[in-house]
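K.L.:
Handing you a structure now.
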Amino acid sequence: MFTPSQLEIIKQANLDRYLEDQESFQKAVQSNNADFLSDQSLLGFLQITNALYRAGEPVISDDLYDHVFLEELKKRHPNHPYLHTVEPEPVFAGKTVRLPVQMLSTEKAYDLESIKKWLEKIEKAAIEIGLEPDKLVYRITPKLDGYAAYDDGEHLYTRGDGRKGTDITRVFDRGLVVAGNGRRGQGAGEIVVSKTYFKENLAQYFDNARNFQASIIKEKDLNEHALAAIKSKAAVFYPFSQLPAWTGSASEMISNFDEIVAKVSAMVDYDVDGVVIEVTDDVLRQHLGATRHHHRWQIAFKSNLESAEVKVLKVTPQTSRSGRVNPVAELEPTRLSGALISRATAHHYGMVKELGIGPGTIIELTRSGMVIPKIERVIVPRKPQIPDSCPSCGHELIWEGDYLYCPNSVYCPAQIEHTMEHFFKTLGNVDGFGRKTIEKIHAAGVRSVYEIYQLTQEQLEAMGFGEKTSRNLINELIRSRTEPIEDWRFLGAFGIYRMGLGNCERLLQHHHLLDIFSLTIDEIIEIEGFAEKTAQVIVECLENIKEDFFKIYNLGFNLIATPLLSEQPENQASPIWGKVIVFTGTMRHGTREEMKKQAKKMGAKVASSVTGKTDYLVAGEKVGEAKIRAAQEKGVTVLTEDQYIKMIAG
């Protein structure tokens with residue numbers, strides 16, 4: 001399926017372990033459908049196709065990656081760690097180093113309603129810190145489709161996995177220029193090539209612009225076409241700060257949204273795949289912060305909306321980890337936005353009943369980046385197809401509002417298997433326990449995570465696993481208990497409703513892990529971000545998992561305790577108590593993450609970017625002058641690493 005050069009890229013990215021699934025990969029590519037892929041194969045497919053796309057040798061389009069295969073992973077496992085990590089750039093020749101700043105991905109939206117919801121969150125946050133929403137200014141820039149990189153003034157790095165990248169400073173040595181004002185050290189940007197130049201001079205030699213851009217980075221000796229593009233300044237490093245932009249209020253943006261998006265997209269002669277919208281107020285950006293995946297003050301809009309009238313063949317029920325039975329409309333295969341669509345979500349069975357969705361129903365189907373394509377409306381209703389029993393265990397279903405549930409949580413195979421698989425995926429430090437392994441273990445009579453940890457190699461071999469596989473699985477179980485893991489991740493592995501990893505960490509910043517099972521609703525409500533309904537559900541769910549939790553906890557996991565905010569030294573003579581600190585550059589006294597943890601323990605507030613509220617910028621080695629100068633202009637005290645260490649040593 002893969003060419004020799006693609007296989008080399010896969011090998012460089014350390015993804016060759018997935019190559020045994022090439023047959024299913026080929027079926028997925030030919031049909032534009034993820035049905036042929038197991039969970040493990042889907043993960044491998046996503047990683048390989050991402051690496052090949054970013055290396056300029058794609059096997060599927062970016063749209064198919066986003067809207068078919070990545071969305072399939074979201075459908076199967078909404079909280080899968082891959083969805084919350086920065087999609088890595090490929091590995092190039094050069095030294096891999098920690099990036100001066102973390103380079104996150106950008107949250108995506110595909111329709112105006114999603115943008116409006118994002119704006120509501122921004123305005124709510126503004127009110128929280130005393131800003132007037134009507135006075136907020138938004139900036140919209142083209143979303144370049146090039147190679148993400150970071151320029152600190154001395155070195156240029158690929159984005160890598162967002163934390164570590166490859167030093168590709170050699171591209172500047174070859175004559176690559178910086179777009180805009182031409183100055184080095186302006187931070188994040190992308191390596192791009194002019195569309196006009198590519199069409200006139202390069203299209204006959206390169207399959208696509210990304211393929212050409214990859215040649216600029218990878219080749220030790222540039223070919224004549226790359227040298228000519230660099231010399232003519234058709235290929236450049238474009239800092240995001242230099243991009244042309246539209247600026248205005250939220251109301252102006254919404255009232256002319258389509259026109260603004262079209263105008264901004266045409267502002268540059270480079271490939272773009274949408275626009276990036278961000279609020280400009282530094283204080284508000286600092287307040288909003290970021291998830292582990294993206295900045296909350298920024299969102300990308302990618303327009304990809306097509307519709308078609310489609311006939312429903314049947315409605316298939318699927319039982320989730322929580323017992324909710326979700327309806328999936330099986331459709332006459334229809335090609336939409338380049339993908340062959342055969343399924344669409346009906347959201348819940350209340351919708352199926354109300355709109356009349358069943359065999360023969362004619363629907364208007366739209367594809368705009370949803371988990372699976374969206375049923376926009378029912379054109380010709382038919383008798384709704386609603387199950388009486390769970391498709392997994394056969395138990396009678398019950399209605400709760402618009403939703404159907406299987407109450408047989410103890411014996412329902414789907415709920416048991418999804419729960420076990422979720423535990424190991426969320427834990428993130430154990431391999432081998434994907435869908436097929438879990439199904440095989442469950443078929444042998446194992447019904448809980450705790451029972452999996454009691455298995456021996458001999459028992460696994462008796463289930464049909466080979467000797468080597470059985471030994472590896474046992475070793476992985478041991479590794480999962482001995483490798484350090486954050487206590488909030490361990491808690492998140494139990495799949496408590498409305499308790500994603502962020503909420504787990506927030507809860508454990510206020511209460512020790514073993515104390516949370518005695519919390520009251522009122523005590524949880526006191527924590528910022530937890531409403532009354534959420535608190536009620538959490539208390540109930542904690543009681544339900546308590547027995548299983550302690551059985552697994554007592555197996556002896558190596559948990560890293562989250563520092564309690566109440567135990568931080570508020571009344572101690574910490575020189576950085578309450579101060580806002582940003583760390584940048586390469587540190588000699590430990591990694592930046594280690595220094596951040598130490599600062600937090602001493603009562604500091606650690607931020608990822610400099611604003612007017614920043615007290616100290618601690619600069620390690622290899623920090624661009626532009627960054628230091630920008631901080632000083634905002635009144636921020638800049639400290640060297642040695643000055644900072646001396647200060648906190650007292």
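The values are calculated or read from the model by the stated rules, or taken from the named source; none is laboratory data. Quantities reported herein were computed from a predicted structural model and do not represent experimental measurements. All Cβ positions, even for glycine, are placed from backbone atoms using ideal geometry, and neighbour counts span all protein chains on display.
K.L.:
State whether one or more residues within the stretch 508-518 are within 30 Å of Y644 (Cβ to Cβ), modelled with pLDDT under 85 and under 26 Å from the mean Cα position of the chain (by Cα).
P.N.:
No, there is no match, as no residue in the stretch 508-518 is within 30 Å of Y644 (Cβ to Cβ), modelled with pLDDT under 85 and under 26 Å from the mean Cα position of the chain (by Cα).
K.L.:
Right, here's the next one. Here's a check for you: in the stretch 408-420, which residue that is surrounded by 17 or more Cβ atoms within 10 Å (Cβ to Cβ) and assigned to a loop (DSSP other than H, G, I, E, B) is modelled with the lowest pLDDT?
P.N.:
N408
K.L.:
Output the residues belonging to the stretch 436-455 that are touching a residue at least 60 places away in the same chain (Cβ under 8 Å), assigned to a helix (DSSP H, G or I) and not β-branched (V, I, T).
P.N.:
Those that are touching a residue at least 60 places away in the same chain (Cβ under 8 Å), assigned to a helix (DSSP H, G or I) and not β-branched (V, I, T): K436, Y450, Y453.
K.L.:
If you don't mind, there's one more thing I want to ask. Name the single residue, out of those in the stretch 633-650 being touching a Gly at 6+ places or on another chain (Cβ under 9 Å) and not charged (D, E, K, R), that is farthest from A599 (Cα to Cα).
P.N.:
G635
K.L.:
Only one of (1) surrounded by fewer than 19 Cβ atoms within 10 Å (Cβ to Cβ); (2) touching an Asp or Glu at 6+ places or on another chain (Cβ under 6 Å) fails for L144. Which number is that?
P.N.:
(1)
K.L.:
Considering each residue of the stretch 497-549, count those that are part of a helix (DSSP H, G or I), charged (D, E, K, R) and in contact with a helix residue (DSSP H, G or I) (Cβ under 7 Å, 6 or more places away or on another chain), and give that number.
P.N.:
4
K.L.:
Something else: List the residue pairs whose Cβ atoms are under 8 Å apart, where the first residue sits in the stretch 377-391 and is of a type in the set (D, E, K, R), the second is outside any loop (DSSP other than H, G, I, E, B) and surrounded by fewer than 15 Cβ atoms within 10 Å (Cβ to Cβ), and the two are 6 or more positions apart or on different chains.
P.N.:
R377/E364; D388/E396
K.L.:
Say we look at the stretch 381-407 and pick out the residues that are in a loop (DSSP other than H, G, I, E, B) and of a type in the set (G, A, S); which of these is surrounded by the most Cβ atoms within 10 Å (Cβ to Cβ)?
P.N.:
Filtering first and then ranking leaves S392.
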